[in-house]
Structure formats: structure tokens, C-alpha cells
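The values are calculated or read from the model by the stated rules, or taken from the named source; none is laboratory data. All of these numbers come straight from a predicted model, not from anything done at the bench. Methodologically, a virtual Cβ is constructed for each residue, glycine included, from the backbone with ideal geometry; neighbour enumeration extends over all protein chains shown. Only protein heavy atoms, including side chains, enter the accessible area calculation; ligands, DNA and RNA are left aside. Shrake-Rupley method; radii C 1.70, N 1.55, O 1.52, S 1.80 Å.
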Amino acid sequence: MKQFIMVAISLSLVTTTRATPTAADLAEATVIVYNSAAPDSAHLARFYASERHIPKDHIVGLWCSKEEEISREEYDNTIAGPLRKIFTRRELWTLQKEGDGPPRVTSNQIHFVALIRGMPLKIRSTPKYPGDDPVANAISSQNQASVDSELSLLGLFSKQISGAAVNPYFESFRPIAELNVAPLMLVCRLDAPTAEIVRRMITDSIKAEKNGLWGRAYVDGAHNTAPGLGEGDVWLQTVVDDLRHVGVPVVYDEKSETIPAGFPMDDCALYYGWYASSVTGPFTDPDFSFTPGAIAVHIHSFSATTLRNPGANWVAPLLSKGAAASLGNVYEPFLQLTAHLNIFNDRLLKGFTLAESAYMATRALSWMTVVVGDPLYRPYLSWSQEGGKGGGKKRTAWEMYHEFALKNAQEDPKKYFAEARRAASRAENGPMIEDLGLTQAETGDSKTALSCLQQARAIYKQRDDLLRVVLEQVDVLLQSDEKKKALALVHQTLRMVPESPSLTLLRQIEEKLSPPKPKLLPTASPSPTRF
């Protein structure tokens, strides 16, 4: 069974001291797979190889279906089978044959696999498969899967396709190169609605890796209390705490509704949310775009059923709006077997690659998950490198907050807040003061929260920053049951701010808070005059 096989792999984790791999190390451990039958696939493969300096003999072309969904037979005959032969012929791995059983991979140069746009996305269910042993329950009876997750176990040569395999890398804290047994590979895909988006994802990732991914995080909770679903909100609360611990400003929406259209999500470097079936809110606004290099994930069972339609589900729309990477599911995965976003975010912040972070966060393999983006992307690599950017360059507001948080992380919370506000005030650091205000609002200290948010408003110059803080102030006032003050602030803003999508939100609040107008009684008609 899959679980038994993977337990054997998990026992082989090395216990050496963690070292940060170089870019050259990662490139040597990567294979690129493209579809020879799909337009642009080979060009994108060569472009990625050039940008990441991946050896030419690590580029593999397969002739397979151009459809996103394929049969198990197509997967075996056009993807898995040919790849195993190529790995053997090019001596990328070493096989050992024992008796009549399948061969065993004893060593493997490859830790990362990048599937290029044009490669099939998912494998449909099949009723019977030689060597498979399904069990009649919700998980073990299913044999559909993403191509990516299935390929992560290419080195197992297993005929067991039903059910989910235990991932030995789940919750790990070591580079994949320190996993001492060969079968496991971390498979991601560079895929999106257009080839141009894929190229942009690659170049944005490399640029952000060099300069740092700076900006604001937006975390959209669902306040979901349904049985088995509450854990998603726990993950997101942990994400918020971890981001603030390292000085990343966070706008955290705990309402059951998703963040509404028109909300000013500027400088969005990170987005984590759930649980809508298709893209909604600010991501549907024509002018919205992510910060280059941004990572954006929305938990939903079918968030990546297609990557070709820029308006379908979640992953494709998020990439179309400028994100460089995302996670998704091609079929129903069940929440516990999706990527645990708290672990994913934590590993990214610690300087791991996108691929490592995603697979460390994912409990199951041979299942429904896809990781979309450059597998070697390390958005916070610069944070783990001694000396940072250096060069005496003036720090941005984002960099200042991060450095302050790291330096003062062990302080008592009250002392931390007081020192943080003084430092932010001296530097007129709007994002930092705004975040301090939102933190106080979440603890119930509305007076301090409003003071901080008012101070941030006085610093900001951009319209969207001003409108976002006004909406945050209104929210704090409403939570404090100060409806008249909230309405007065809305009226003041509507009179002063030029037209913006955000004004629709303010008008909705105005309509909701304004007292109903009294109905006029009909007046009696005068009696007609007779002549």
C-alpha cells in the first residue's frame, strides 16, 4: 500500500545541520519537462532553463496530449513510462533490480521537476487498474489525481493508484537535498492562461528573489465553524501571527464574507484566503494587480480544475492578476489533505524554495494538489542571508518594519508596541503604524487602534491607502457601536475623495447606517369646483 511504502522513505531523513543550497545546487537538481506537441512549451522550457542556468541535458520533451485532463493509460504511456526511461538513460537516477519485483531507485540527482505549460494537468478516474487495491472509503477508493502529485512518486514504480500516499516530507524543516532516499521529487508547474504570463512569473520570481518580496499581506478568514472546516481559520490566524512577528504588515479580514470588491488591496505581496468557489472581490476589479513576485493562495476544493481560463476558479485568475505563484486542487482533496497554509507560509519566511515549502505543508501525495510557479523561487532568501541587501541604501518602510520586528521580537508586548509606535512615528512609516493599529483593533483596544489609524491617514498620500484606512477606522467604530461617528467619517470621506471603486463600499455603509427617511402621508385632493 502507498502508506507502507512511504513510511520506509520517511525513516531515511538525514540529521545533519541545515545548510542553504546555492542557486547552482538547485539548478543541478532540477529537471524541466515540456510537451513537444504543445505550442510554446519548448520555448518556455528553454527560457526557464536559461534564466535559472539549468543544464541542457536536464530539459525533457515528451509527446503527449494537449488536453488538461487525461486518462490513466495516457499518463502511463506518454508521461510516466517515457520519463522513467529518460531518467535511466541519462543516468539521472540509479536503479536496482531485486527479483521479480519493480526496480528500486537507490540514488537520484533530481529533487525538483518543473512541468511547463502544455503538459496535462490531471488524471481522470479509472474503474479498474492492474495491481491496484482500492478500499471502500472516501479517500482510498479514489484514483484520480493531479499529474504533478502523481509524478512526485515516479521513482516508486508502484501500481497502487487508489488513495493518498503519506508524504514523508510533510512538516519537515530541511532542504530536500538532505532527504537520503531517492524516490521522492518535488514537482511544480510553470503554467497559466497564456505563455506571456508564464514568462512574467519566471522573471518576477527571479527579480523578487534578488531584491526581496516586500509589501503587505492580506489574509481573508472565513469564520467557518462547520464540522471539519474550522481548522482553515486556525491556519490563517497562525499566518497572521507569524507575518507580524517578522514585520510584514497584515490586513486580516475575519468576517465570513470574502473581502469585497472595491477594497483597496494595494502593495499586495501575499494573499491567503478561503472559501469561495470562484474568484471574487478586489481580484475582479479591472485595475487590481499584485506586487511582482507575489504569492497568492485561496483554499477551495476545485481552485485549479483548469489553468487555461483566466476567469475560472482561483489559481488562473490570481496568476492573471500578476501573482507569481499559487497552490490549488484539481479535484476534491478534503481540507486536511490540502496544503496547510500556516506551514507553507512559515517555510517561505525561513528561506525555503516554493517547492520545498509547498511539499512540507502537504500531507498527501498521489492526490489532488498542484503547486504553480517556479519551484526554485525563494522569495525570502535575502532574509536568511547575513548582511541583507547592505550597501547603505535608504530603507523602505517595509524594510524598516522587518528589521525592527526582528530586533525587538523578544520584548514584552506592551513595550514592543510603545517602542514600535515611537520608531514608526519618527520615520513616518505609514504601513507600520497602520499595522500596529490593526493589531490593537484585533485585541479590542479600539481607542489606541483609532489613534494609530488616524496617524497613518495623516502620513499616507496615495488615495487607495487613505481609503483603506478610512474603511478600517469605520470597521473599528462599528465594532465599538459608535455608529454616528462611523457615519460622520463616511460622509466626510465621500465629500472629499475623488471617484474610486472603494467609494461604492462607503456608499453601501452610508445607506446601511443612515436612518430611514420618514414616509410622507398622501395629502387630500381638493374638491372639484363646479361651474
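Taking a Cβ cut-off of under 14 Å around Gln109, the surrounding Lys, Arg, Asp and Glu residues balance to a net charge of -2, with basic ones at +1 and acidic ones at -1. List, in the order given, every pair from Lys407/Lys461; Lys321/Lys484; Lys255/Lys350; Lys210/Lys414 whose Cα-Cα distance in the structure shown is over 31 Å. Too far apart for the 31 Å limit: Lys321/Lys484; Lys210/Lys414. Given axes a ≥ b ≥ c from the Cα gyration tensor, I'd like to know whether the range 369-474 is rounded (a/c under 1.5), prolate (a/b larger than b/c) or oblate. The shape class here is prolate.
Rounded, prolate or oblate: pick one for the range 40-170, where a ≥ b ≥ c are the square roots of the eigenvalues of its C-alpha gyration tensor, a/c under 1.5 means rounded, and failing that, prolate if a/b is larger than b/c, else oblate.
In terms of gyration-tensor shape, oblate.
In terms of packing, defined here as the mean over residues of other Cβ atoms within 10 angstrom, the peptides 225-232, 161-168, 443-450, 72-79 line up highest first as 161-168, 72-79, 443-450, 225-232.
Taking the protein heavy atoms of the chain in the context of the full set of protein chains, the accessible area attributed to carbon and sulfur is 53 percent at 1.4 Å.
Computed with the Debye formula from one identical point scatterer per Cα of the range 270-426, without solvent, the log10 of I(q)/I(0) at q = 0.10 Å⁻¹ comes to -0.45.
Compactness ratio for the range 22-72: Cα radius of gyration over 2.2 N^0.38 Å (N = residue count) comes to 1.27. Counting Lys and Arg as +1 and Asp and Glu as -1, what is the net charge of the other residues whose Cβ lies under 12 Å from the Cβ of Thr238? Surrounding charge for Thr238 is -4.
The three principal axes of the C-alpha atoms in the range 205-343 carry coordinate ranges of 42, 37, 28 Å, sorted with the longest axis first. For Lys56, the aspartates and glutamates whose Cα falls under 17 Å of its own Cα, not counting residues fewer than eight places away in the same chain, are Asp25, Glu28, Glu91. Taking the Cα atoms only, what angle lies between the long axis of helix 430-443 and the longest principal axis of the chain, rounded to 10 degrees? Taking Cα atoms only, the helix is inclined about 90 degrees.
Using bins of 10 Å that start at zero, the share of Cα-Cα pairs per bin across the range 124-231 amounts to 10, 24, 32, 27, 7, 0, in whole %.
Size descriptors for the range 63-121: radius of gyration and Dmax over Cα atoms are 13.4, 39 Å.
Roughly what % antiparallel, to the nearest 5, for the DSSP beta bridges in the chain? Walk me through the numbers on the way to the answer.
Numbers: 14 of 45 bridges.
Within the chain, antiparallel bridges account for around 30 percent of the total.
For the chain, dividing the convex hull volume of the Cα atoms by the residue count gives 212 Å³ per residue. In terms of packing, defined here as the mean over residues of other Cβ atoms within 10 angstrom, the peptides 452-464, 148-160 line up highest first as 148-160, 452-464.
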